[in-house]
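The values are calculated or read from the model by the stated rules, or taken from the named source; none is laboratory data. Just so we're clear, the structure is a prediction, and the values are computed from it rather than from any experiment. Methodologically, a virtual Cβ is constructed for each residue, glycine included, from the backbone with ideal geometry; neighbour enumeration extends over all protein chains shown.
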Amino acid sequence: MRHSTTPLATTRGFTLLEVLFAIALLAAALVPLANVLASSAVRNQGARDVTYSALLAASKMEELRARAFGDSALAPPGLDSLQTDLDGYWDQPSPGYRRRWSIVAMPGHAADAVVLHVVVLAGRTSADAHLISAKTRRAWSPS
């Protein structure tokens, strides 16, 4: 078995300065990437909150539209139920979410149509959702 007699100083390799420079270059490239990943995570959470708010609003809108005219749940509240938690016109369908709705008789067609407005407020973000729809007793055309 033979051993190399080449002195250590003449072997090929990287100097300490080259290694430190490579590490600094790698760190400079990874810091912006970490910022992008953190920003993406925050935006993804915001998108999830907006989607969930819209889903909760659509669910309540479908529930209101399914009710028959004359149902007490379709009675106009008489106050602004979108600005305050008015009994019978708000709920908390999920932790961190508050849902409010209003029912207003449609001008000129009060006996046959109502305007439904559902608002979902997401407490921890600004992922609010608003849905507005009209419910009619029967098909009618504007005069």
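Odds and ends about this structure:
- When restricted to residues that are farther than 14 Å from His117 by Cβ and either in contact with a Phe, Trp or Tyr (Cβ under 7 Å, 6 or more places away or on another chain) or among the aliphatic types (A, V, I, L, M) (or both), region 57-68 contains 2.
- Of the set (1) surrounded by fewer than 11 Cβ atoms within 10 Å (Cβ to Cβ); (2) at positive phi, all apply to Gly96 but (1).
- Count - residues of region 66-85 that are among the aliphatic types (A, V, I, L, M), without any contact (Cβ under 8 Å) to a residue 12 or more places away in the chain and part of a loop (DSSP other than H, G, I, E, B): 2
- Candidates are the residues of region 1-50 that are polar (S, T, N, Q) and under 19 Å from Gly96 (Cα atoms); the one that is modelled with the lowest pLDDT is Gln45.
- Test: residue in region 105-114 that is within 30 Å of Ala47 (Cα to Cα), outside any loop (DSSP other than H, G, I, E, B) and at pLDDT 90 or above: no
- Verdict on Ser53 being among the hydroxyl-bearing types (Ser, Thr, Tyr), at pLDDT 95 or above and surrounded by 11 or more Cβ atoms within 10 Å (Cβ to Cβ): no
- Looking across region 86-104, just one residue is small (Gly, Ala, Ser), over 19 Å from Val50 (Cβ atoms) and assigned to a loop (DSSP other than H, G, I, E, B), and that is Gly88.
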